[in-house]
Structure formats: structure tokens, C-alpha cells
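Dropping the structure in here first, questions after.
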Amino acid sequence: MKNVESKTGRAWIEINIENLRHNAETLKKAMQPGCELMAVVKAQAYGHGAILTASHLNKLGVRAFAVATLDEGIALRKGGICGEILILGHTEVERASELKEYDLMQALISFAYAEALNHQGIAVKGHIKIDTGMHRLGIACGELSSVRKVFFMENIKVCGMFTHLCCSDSRHPDDVSFTKGQIASFYRMADALRDSGITLPKLHIQSSYGLLNYPHLACDYVRVGIALYGVLSSPDDDTVLKLELRPVLSLRSRVVLIREVAAGESVGYGRDFTAGRDTRIAILPIGYGDGFPRNLSGGKGSILIKQYVVPIVGRICMDQLAVDITDAEDVTVGDLATLAGASGYDQLSVPVIADNSGSISNELLCRMGARLPVITR
């Protein structure tokens, strides 16, 4: 760990680069021959730091990335990231010049959108999004003529075509059937385009769960997000592939104050915690403003200090929280605290914490990346 004391301050995110490397290599080996890993680094790489993460992936040979917005893509380019960068979400067509300037590829989210982008008169690269049943973005899978027309638009170079599987994380028979229908619809579109004389661009269907549950699909990319960071969305998710993935992120802070609270006294907003005995309380300078869920207040969450797993007491504040260290007698000011990603403690894994807070790992990780410094080890 480099210069932790000088760079971290009150709380920080810690990234294990070796685990990131391991995950990238493990995922690549699980892909079909000729398929490339497209690293999804939107929302600050799920809270891991987009430029930091993408830079290390570049060094590992990853040359394809996906983001949600134009500005995320521009930030990667300004950060020195090489390779293809696909914007998965909407970009205002008036910003077409920036797509070209920073050599970014835009998802073509509807036929009307592709037309409007083409009419800007600026040569841009795009991936056609096909709606195979999620009904969010994309040209409907039955609109072959519209998709064909995009290939002949003067100012759009079609570099890829893709769809998104809306329930590939589920092994329920109905969801498996629906997913297989989405996959079949996408390949029918590809076959129809080829039969009509179109040279197919690079194709991609799978995100993390698409790879883990449907690993044998023949595509050019797999868009890997949550799995790249070594966790599943929920702790009970079952997948066909059982890959040995390693968590990349840990959330850390330090004890800044210890208080002695007499039996019958309360702690925090709303006096939600009242000590049933003489109690030692440790204060940590981290809270829901740093993405740690407020609904883990009142003993619903716990953290690790030294070898002790101690309960959160009272309400989690925006910038602080309190834990009961009465039974952890040797805890002192300055001790390291791990709120998420503690190795060997399943109850402090990101999927379990997210599940306990009524969410998923994806959301929890993204929320952590807003204001905390990110360091590597």
C-alpha cells in the first residue's frame, strides 16, 4: 500500500490490482476463442476509479471499454486510455464533433436517433443497439429494413451491433426461456443482414451474467462489468460458470474518537440507540455521503476493526457513524476499520452488505465512488 496516511485522510477506497488482473485473465479464459473483453468502466468503474482501473486494464492488454456517457468517454481519453470506447447511453447529437474528436463510438439507440446523428454531417462511429425484448434502448429486432438503412448512412460508420439480456442473471425456467429467445432474435437479425449483403460488424450480446450463464455464445465482445470487479450482484446468485473471481474493492476508514457512554444514555440522531450497559463507542468519519447505506443503521450493519466484527449503533450520518466496541477492549484511536471487502469475512462482502440494505452490489459500489479517494495496493 502506497502512502496510505498521506492520501487517504478520513476514509478511502482501496483497490487490489492483483485481484483485478486475476479477474480479467479468468474472464478472458472463459470466453469463446476470438472474443474480446470489453471492460465496463461507467460510473467510475463501479466506484473503483475509471481512469485508474482502465489504465491497469490497458497494461493487461484490454483494448475495449464501455461507458454510459460522452463525458465519461472523454475523461478516459484525457486520462490516456487507448483502444475502443463505446458509449452505451444517449449522447446529444449536437455533440457529434466531440465523438469524432475523441474517437468514441456511440450506441445508436433508435433509427430516428441514428438519422439525427447522421444529419449532423460529422463522421462518427457507432454500434447499432437491437431491442430483443428488454424494451429500453434499441431498434426493434423485427425492423430489418431500418437496421439495414443505418449501414448506408453517409456519416455513420457501423463498427458493431449488440443487444442486452434483461434477465440473464436468473436461472428460473421462464427467464432462461426468455433469454434464449432474445439470443435467437439477435442472431436472426444478424443472419438476415448477412443474407441481404451486409458485412456484419463486431457483435456482442453478453454482459457479466450473459457470460456466466450463457458462456458458449459466439460473439466478438463480452461487456463485463460487475464480474470484472470480483463480485456478483447478489450473494445468492447461482451461475452456470463457477469462476474463481476475487473482490477488487475494500472500503476503509479509521477510528477518530472513542466515547464512554453510561447505561441509559443515547447516541446519535433521534436517540435511536440507548445503551443498555456502560458502553464504549467508536466514531468513524464515514457515512452515507460516502455511499455507505443509511438503512444499515441501528445494528443492521457491522464493520471490522482489528479482528473484531462490531455492530453499527444509532443512525448512520452523512459523514460519520458509530460502532459498539465494548467487547473489543484493545481498540484505540487510529485503528483501521474495514466497512466492506474484508477478506475472510463473508458478512462484510459487498454482495451481502448490498443485500442487507435492500440493494445490489452494482448500486452499492457505484455510490462509494463519489467523493472518496481511491488508492491501490
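For the stretch 117-137, give me the residue count where each residue is closer than 11 Å to Ile156 by Cα and out of contact with any Phe, Trp or Tyr (no Cβ under 6 Å at 6 or more places or on another chain).
Result for the stretch 117-137: 11.
Looking only at the stretch 211-228, how many residues end up being out of contact with any Lys or Arg (no Cβ under 8 Å at 6 or more places or on another chain), outside any loop (DSSP other than H, G, I, E, B) and closer than 19 Å to Gly160 by Cβ?
4
What number of residues within the stretch 32-48 satisfy the criterion of being in a strand (DSSP E or B), under 13 Å from Glu72 (Cβ atoms) and not small (Gly, Ala, Ser)?
1
Shifting gears a bit: Determine whether Ser233 is of a type outside the set (A, V, I, L, M, F, W, C), modelled with pLDDT of 95 or more and buried (at least 17 other Cβ atoms within 10 Å of the Cβ).
Yes: the conditions hold for Ser233.
Quick one: what pairs do we get from the stretch 312-333, first residue closer than 16 Å to Thr279 by Cα, second basic (Lys, Arg) and in a loop (DSSP other than H, G, I, E, B), C-beta under 8 Å, 6+ apart or different chains?
Partner pairs satisfying both residue conditions: Ile312/Lys300; Thr326/Arg277; Ala328/Lys306; Asp330/Lys306; Val331/Lys306.
Test Ser233 against the criterion of being in contact (Cβ under 8 Å) with a residue 24 or more places away in the chain and farther than 25 Å from Cys35 by Cα, and give yes or no.
no
Let me ask something additional. Being open to solvent by less than 60 Å² (accessible area, probe 1.4 Å) and either acidic (Asp, Glu) or modelled with pLDDT under 95 (or both) is the filter here, so list the residues in the stretch 312-327 that pass it.
Matches in the stretch 312-327: Asp324 only.
What do you reckon, is Val309 touching a strand residue (DSSP E or B) at 6+ places or on another chain (Cβ under 6 Å) and either at pLDDT 95 or above or under 23 Å from Asn16 (Cα atoms) (or both)?
Here the answer is yes, as Val309 does meet what is asked.
Take the stretch 333-377 and flag every residue that is open to solvent by less than 70 Å² (accessible area, probe 1.4 Å), closer than 20 Å to Val67 by Cα and more than 13 Å from the chain's Cα centre (by Cα).
If the condition is that a residue be open to solvent by less than 70 Å² (accessible area, probe 1.4 Å), closer than 20 Å to Val67 by Cα and more than 13 Å from the chain's Cα centre (by Cα), then Val374 is the only one that fits.
Here is a follow-up. Would you check if there is a residue in the stretch 10-18 being within 27 Å of Cys159 (Cβ to Cβ) and buried (at least 16 other Cβ atoms within 10 Å of the Cβ)?
Scanning the stretch 10-18, I find no residue that is within 27 Å of Cys159 (Cβ to Cβ) and buried (at least 16 other Cβ atoms within 10 Å of the Cβ), so the answer is no.
For the stretch 50-73, which positions are open to solvent by 10 Å² or more (accessible area, probe 1.4 Å) and in contact (Cβ under 8 Å) with a residue 12 or more places away in the chain?
Scanning the stretch 50-73 gives Ala50, Ile51, Leu52, Ser55, His56, Asn58, Leu60, Arg63, Ala68, Thr69, Glu72.
Another question about this same structure. List every residue pair whose Cβ atoms lie under 8 Å apart, where the two residues are 6 or more positions apart in sequence or sit on different chains, the first residue falls within the stretch 188-217 and is more than 30 Å from Pro235 (Cβ to Cβ) and modelled with pLDDT of 95 or more, and the second residue, located anywhere, is surrounded by fewer than 18 Cβ atoms within 10 Å (Cβ to Cβ) and basic (Lys, Arg).
From the stretch 188-217, the pairs are Leu193/Arg148; Ser196/Arg148; Ile198/Arg148; Leu200/Arg194.
Do we have any residue at all in the stretch 345-353 that's modelled with pLDDT of 95 or more, among the polar types (S, T, N, Q), part of a loop (DSSP other than H, G, I, E, B) and under 16 Å from Tyr46 (Cβ atoms)?
yes
Mind checking which strands (runs of 3 or more DSSP E) fall wholly inside the stretch 245-293 and carry at least 3 residues that are open to solvent by 50 Å² or more (accessible area, probe 1.4 Å)?
Per the criteria, 257-261.
Select from the stretch 133-161 the residues that are under 23 Å from the mean Cα position of the chain (by Cα) and within 17 Å of Arg223 (Cα to Cα) and list them in ascending order.
Met134, Leu137, Gly138, Gly160, Met161
Shifting gears a bit: List every residue pair whose Cβ atoms sit under 7 Å apart, with the two residues 6 or more apart in sequence or on different chains, where the first one lies in the stretch 219-230 and is without any contact (Cβ under 8 Å) to a residue 40 or more places away in the chain and the second, anywhere, is open to solvent by less than 10 Å² (accessible area, probe 1.4 Å) and not charged (D, E, K, R).
Close Cβ pairs (under 7 Å, with a partner that is open to solvent by less than 10 Å² (accessible area, probe 1.4 Å) and not charged (D, E, K, R)) do not exist here.
If you go through the stretch 294-303 one residue at a time, how many are part of a strand (DSSP E or B) and surrounded by 22 or more Cβ atoms within 10 Å (Cβ to Cβ)?
1
The values are calculated or read from the model by the stated rules, or taken from the named source; none is laboratory data. What you are looking at is a predicted structure, and each value in this text was computed from that prediction instead of being measured. Neighbour counts run over all protein chains shown; Cβ positions are idealised from the backbone, glycine included. To get the accessible areas, we keep the full protein, side chains included, count just its heavy atoms, and leave off ligands, DNA and RNA. Shrake-Rupley method; radii C 1.70, N 1.55, O 1.52, S 1.80 Å.
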